[in-house]
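The values are calculated or read from the model by the stated rules, or taken from the named source; none is laboratory data. Being a predicted model, the structure only gives us computed values, none of them experimental. Cβ: placed from backbone, ideal geometry, glycine included. Neighbour counts: every protein chain shown.
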Amino acid sequence: MSTFEALKQGYQRSTGKQEPGVLALLAFGSISGSVGATSVYPLNLVRTRLQASGSSGHPQIYTGVWDVAAKTWEREGWRGFYRGLFPTLAKVRFEFFYSCIFDLLNLSSLLGGSCGVHILCRV
């Protein structure tokens with residue numbers, strides 16, 4: 001949320017407009033979601049590898065969180081902590097745009113279907 005607010009305030013300062021347009025808000029949301037996902041991704045990767053360790057098809061190779069982090073660093077370097085980030089970012093963007101469209105459709109329903117977005121998105 002802080003990234004979104006910082007982008008919004010920077011936009012307001014640079015353009016002099018009080019409220020950004022819809023496209024600017026979509027861009028700010030997409031960027032802030034990506035920043036959030038990227039910042040927590042190494043922790044999610046460690047958690048996922050630890051959870052998978054010892055399950056069917058995955059031998060027990062980790063003894064704990066620090067062991068996962070140490071072995072990942074040893075084998076793959078810092079890039080290993082971001083393996084698979086691109087699909088995650090694509091998912092974040094898709095979910096954000098999906099929720100925006102869903103919200104617009106709900107708003108249109110509340111307005112009695114008179115919103116052009118409702119008609120456009122139904123096609």
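What residue, of ALA90, ALA24, ALA6, is in a helix (DSSP H, G or I) and at pLDDT 85 or above? Give the derivation first.
On the way: ALA90 fails: at pLDDT 85 or above; ALA24 fails: at pLDDT 85 or above.
Every option except ALA6 fails the conditions.
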**OP:** Of the numbered conditions (1) under 30 Å from GLU74 (Cβ atoms); (2) surrounded by fewer than 13 Cβ atoms within 10 Å (Cβ to Cβ), SER53 fails exactly one; give the number of that condition.
**Re:** (2)
Subject >> Lone qualifier among ARG49, ARG13, ARG79 - being free of Cβ contacts under 8 Å to residues at least 24 places away in the same chain, more than 24 Å from the chain's Cα centre (by Cα) and not in a loop (DSSP other than H, G, I, E, B) >> reply: ARG13
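Can you spot a residue in the range 52-66 that is in contact (Cβ under 8 Å) with a residue 12 or more places away in the chain, in a loop (DSSP other than H, G, I, E, B), more than 30 Å from LEU7 (Cβ to Cβ) and of a type outside the set (S, T, N, Q)?
The initial filter retains those residues of the range 52-66 that are in contact (Cβ under 8 Å) with a residue 12 or more places away in the chain, namely 53, 62, 64-65.
The next check asks that each one be in a loop (DSSP other than H, G, I, E, B); those that pass are 53, 62, 64.
Still in the running and more than 30 Å from LEU7 (Cβ to Cβ): 53, 62, 64.
Pick out the ones that are also of a type outside the set (S, T, N, Q) and you get 62, 64.
So far as the range 52-66 goes, yes, one or more of its residues are in contact (Cβ under 8 Å) with a residue 12 or more places away in the chain, in a loop (DSSP other than H, G, I, E, B), more than 30 Å from LEU7 (Cβ to Cβ) and of a type outside the set (S, T, N, Q).
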Subject >> Options THR72, THR15; residue that is touching a Lys or Arg at 6+ places or on another chain (Cβ under 8 Å) and over 27 Å from GLU95 (Cα atoms) >> reply: THR72
